2 protein chains.
Amino acid sequence: MEAVKWLDEDEMRAWHAFLAAGSLIDRLLDAQLKEATGLSHPQYEILVRLADAPDGELRMTELADTLLTSKSGLTYQVTQLEKAGLVARRSCPSDVRGVLAVLTEAGRQRLEQAAPGHVALVRELLIDVLSPGQLAVLADALGEVSRRAAART
Amino acid sequence: MEAVKWLDEDEMRAWHAFLAAGSLIDRLLDAQLKEATGLSHPQYEILVRLADAPDGELRMTELADTLLTSKSGLTYQVTQLEKAGLVARRSCPSDVRGVLAVLTEAGRQRLEQAAPGHVALVRELLIDVLSPGQLAVLADALGEVSRRAAART
DNA sequence: CCGGCATAGTTCAAATTTGAATTACTATTA
DNA sequence: TAATAGTAATTCAAATTTGAACTATGCCGG
């Protein structure tokens, strides 16, 4: 029987705020994106990664790593985006097993159309709510947190 | 046509860290809970709210408000918990339409069994990674963020 | 070159989540 | 008090997510 170190009041406040902020924001962003562009938040994130990548293409596995979804979840979403004509698949030259997801021109346009409203809401919900100092602490602190969490995956 | 205020590098870092930390931690907590106790994270949260409430019972709507799930999602999860014998439903005395979810003795025991491992992981992933100062800033900052986000719901 | 093992991506069934009805009741107002 | 609007919870079908096979390749030591 080990002694459990429960959370004190401040720790509990931080933990609850973290949890609540995470899901509330995610939910609102998803709703805004769907409403304005028909994309879900996961789909939007896929398009962003592809747009940032050289030639607008990435291996499925690379995508799955940076996104926080399972491999099968990614397969599903990429298929949806493919049906919508926003992404195409092509086989990887260096590895026959590999598949590259490529951003199409329509995909790039949809992303450009979606980005302003999305960014505006991110500002409104998170960035502009915080002082520059808070923002810096948050970036450092949560950067370290996510590095460690990612290491356990 | 409005000028879009894009995110600068620091803002982007904060935003990405926030997103990544949120989903990584949620995923790890869910895995730990399932592995150790068979509860999902949403289910665990339901038990916690009930345990904190007077008489271990809450209206469905009250539960749905503090949790970050839809009403139908809550109905589903409470049904699962009911099947497992951890929660019971009883009708609300003051409003015939209402339903009270009540924590059973088995539910309380399961929660007590689950809590230490859960809290330990929350510490390991978040609380103990941060300095007290960072923790305080995080609580303040994200507290305000979630208050505002909740106001938009 | 071969066997054994790791990897890439998909498929499949099952679990979950969602939002839009639906049902049944409460509250308000004229 | 009858009509109307609002609320509580559930049900339903559809979309998504998950993890566990599964298929097909790559890679490495002997």
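The values are calculated or read from the model by the stated rules, or taken from the named source; none is laboratory data. Nothing here was measured: the structure is a model prediction, and the numbers come from that model. All Cβ positions, glycine included, derive from the backbone under ideal geometry; neighbour counts span all protein chains shown. Only protein heavy atoms, including side chains, enter the accessible area calculation; ligands, DNA and RNA are left aside. Shrake-Rupley method; radii C 1.70, N 1.55, O 1.52, S 1.80 Å.
At-a-glance table
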item: Residue check for B:Leu19: open to solvent by 20 Å² or more (accessible area, probe 1.4 Å), farther than 23 Å from B:Gly117 by Cβ, more than 15 Å from DNA strand C (Cβ to nearest atom) and within 14 Å of another protein chain (Cβ to nearest Cβ); result: yes
item: Total residues in segment B:41-70, condition more than 14 Å from every other protein chain (Cβ to nearest Cβ), surrounded by fewer than 16 Cβ atoms within 10 Å (Cβ to Cβ) and either within 27 Å of A:Asp30 (Cα to Cα) or within 9 Å of DNA strand D (Cβ to nearest atom) (or both); result: 2
item: Positions within segment A:111-153 being charged (D, E, K, R), at the interface with chain B (Cβ under 7 Å from one of its Cβ atoms) and more than 20 Å from B:Ala151 (Cα to Cα), in sequence order; result: A:Glu144, A:Arg148, A:Arg152
item: Pairs, first more than 15 Å from A:Leu19 (Cα to Cα) in segment B:115-144, second outside any helix (DSSP H, G or I) and not hydrophobic (A, V, I, L, M, F, W, C), C-beta under 8 Å, six or more apart; result: B:Pro116/A:Glu2; B:Ala120/A:Lys5
item: Segments classed as helices (runs of 4 or more DSSP H), wholly inside segment B:33-97, with at least 2 members that are at pLDDT below 95; result: B:60-66
item: Residue count for segment A:102-149, restricted to those that are hydroxyl-bearing (Ser, Thr, Tyr) and assigned to a helix (DSSP H, G or I); result: 1
item: Residue count for segment B:1-51, restricted to those that are without any contact (Cβ under 8 Å) to a residue 60 or more places away in the chain, within 19 Å of B:Ala84 (Cα to Cα) and in contact with a helix residue (DSSP H, G or I) (Cβ under 8 Å, 6 or more places away or on another chain); result: 8
item: The one condition in (1) open to solvent by less than 80 Å² (accessible area, probe 1.4 Å); (2) within 25 Å of B:Asp128 (Cα to Cα); (3) within 14 Å of DNA strand D (Cβ to nearest atom) that B:Met12 fails to fulfil; result: (3)
item: Qualifying residue in segment A:104-119 (condition: β-branched (Val, Ile, Thr) and in contact with a helix residue (DSSP H, G or I) (Cβ under 6 Å, 6 or more places away or on another chain)); result: no
item: Test: residue in segment B:22-29 that is farther than 29 Å from A:Ile46 by Cα, open to solvent by 30 Å² or more (accessible area, probe 1.4 Å) and of a type in the set (S, T, N, Q); result: no
item: Some residue of segment B:78-88 being within 13 Å of DNA strand C (Cβ to nearest atom), under 21 Å from the mean Cα position of the chain (by Cα), open to solvent by less than 30 Å² (accessible area, probe 1.4 Å) and within 30 Å of A:Asp30 (Cα to Cα); result: yes
